[in-house]
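Novice: Below is one structure. I have some questions about it.
No value in this document is a laboratory result; all are computed from the given coordinates. Since we're looking at a predicted model, the values are computed, not measured. A quick note on method: Cβ atoms are made from the backbone with ideal geometry, for glycine too, and the neighbour counts reach across all protein chains shown.
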């Protein structure tokens, strides 16, 4: 079995499964130290607004940008914006890897030979995508609602965040965490809105605007706005 899996023709599928395992391990490690990888990835994802007809609006900090291209329709079909992106990625890597190995196994039994990796990948991909959609649909139904609710990043404006890593200065953002209206923690990059201001680890700041790479903030002006742990 191990010899079969390590055959050169199965390289794309073994790489896929290896990356999946690495991501899963990294998520576990970052979660234990309070820097959940999933939340960090979500903070850098564009905001997808997906309607029932599969039209997808992608918010990339440019107002009134709307596209119905094949790529964005595929993103919507794969439930990006409805289910956390890291879950979709792990599902894709797992299904692609296992399905590819299964197809190669069947081919070996029938013909006595494995398909070249590129051809096998081309056959596996169309099988993988519907399965990813089906699996993420099930995951979306069984996960707690606050975990699957697509939170618009612009809703972070007006919320209090806590600097968790580094020192923030103008054009030199630092990592901060905040909780959305569902109580889910997000990790974002924050820099001062004012030129001379700096934020240190542990400082509480008020998010005032969004930039292409993160957010701008000011010192929390009201004790009543303090982030409640």
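Novice: Within 10 Å, count the other beta carbons around each residue, average over each peptide in 7-15, 84-92, and list them highest first. Walk me through the numbers before you get to the answer.
Specialist: Numbers: 7-15: 16.4, 84-92: 20.4.
For the peptides 7-15, 84-92, the packing ranking is 84-92, 7-15.
Novice: I want to check the label-to-label distance for residue 5 and residue 111. Put each point 7 Å from Cα in the C-beta direction and report it in nm to one decimal.
Specialist: 2.4 nm
Novice: With a point put 7 Å past each Cα toward its Cβ, work out how far residue 22 is from residue 125 in nm, to one decimal.
Specialist: For residue 22 paired with residue 125, the spin-label model returns 2.1 nm.
Novice: A follow-up question, please. In percent, what relative contact order does the range 153-225 have, based on Cα pairs under 8 Å that are 6 or more apart in sequence? If you can, show how the numbers build up before the last one.
Specialist: Working: 169 pairs, mean separation 23.8, N = 73.
So the answer I get is 33 percent.
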